[in-house]
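The values are calculated or read from the model by the stated rules, or taken from the named source; none is laboratory data. This structure is a prediction, so every number in the text was calculated from the model and none was measured. Note that we place each Cβ from the backbone using ideal geometry, even for glycine, and neighbour counts take in every protein chain shown. Areas reflect the complete protein model, heavy atoms only, side chains present, ligands, DNA and RNA absent. Shrake-Rupley method; radii C 1.70, N 1.55, O 1.52, S 1.80 Å.
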Amino acid sequence: MHATASSPPARGRNRRGQGERLRGDIIDATLRMLDELRDDEALSLRAVAREVGIAATSVYLHFADRDALVYAALEQCTRDLLRDLEAAEASGDDAVARLRARLLFLGSWVREHAGLYKVLHESGLNRRMHLAFKQELAERTTAAVRRCMDEGRAPAGDAAAVALDLRAAVHGAVSLRVNEPALPLPPLEEQIDRFLVKLVGVRLPAA
């Protein structure tokens, strides 16, 4: 029986030691599909298998069920996002500039990956499982706020509480853009600057 034009090419048997490569291919396909679907519950393991070009049973060799696969994919997504956020921060000359760069990068990432953002923060998986890996996102934001305080660029205070307020504001701003794109919202950069001034207490240089 010949494959149709729309069918992915059949994948050959993995050589010894290539199991991790296949696992990575499955996760990469899952991330692409979640970004498009915007809903973890709309994902099926059979569809992922078709995308990779393998039998559905091969997916089960690496992941017990859909939740396990989505968890692994979101963990990879978060690890990649943390790496890119750190790179964005490195472009700043001081603590305030680094924190601002971090938030602006998050906004640009959400614009490009709105589906992954929804699954990461609004999916049913969040209600069924504790996504422990997301905690590092919060911890690094707190550390960035604390550096502003330590450098005297923001009033001394509870960095964790300030960071929580800041995260809530930024996530609210980007969530509105994802879920209600027709709203007449100001540029996200302007909102982030107001959050930094009003919530963190920094002084930004005049434009």
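Structure data summary
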item	result
Residue, farthest from D25 (Cα to Cα), within segment 41-51, restricted to residues that are touching a Leu at 6+ places or on another chain (Cβ under 8 Å) and in a helix (DSSP H, G or I)	L45
Subset of segment 174-200 (residues that are buried (at least 16 other Cβ atoms within 10 Å of the Cβ) and either charged (D, E, K, R) or without any contact (Cβ under 8 Å) to a residue 24 or more places away in the chain (or both))	R177, Q191, D193
Members of segment 117-156 that are free of Cβ contacts under 8 Å to residues at least 12 places away in the same chain, outside any helix (DSSP H, G or I) and at negative phi	H130, A156
Failed item, numbered, when A163 is tested on (1) open to solvent by 30 Å² or more (accessible area, probe 1.4 Å); (2) part of a helix (DSSP H, G or I); (3) small (G, A, S)	(1)
Residue that is farthest from the chain's Cα centre (by Cα), among those in segment 104-159 that are closer than 30 Å to M33 by Cα and acidic (D, E)	E139
Residues within segment 63-97 that are closer than 19 Å to R21 by Cβ and either part of a helix (DSSP H, G or I) or modelled with pLDDT under 95 (or both), tallied	9
Which listed residue, of A95, A72, is closer than 30 Å to E151 by Cα, touching a helix residue (DSSP H, G or I) at 6+ places or on another chain (Cβ under 8 Å) and touching a residue at least 12 places away in the same chain (Cβ under 8 Å)	A95
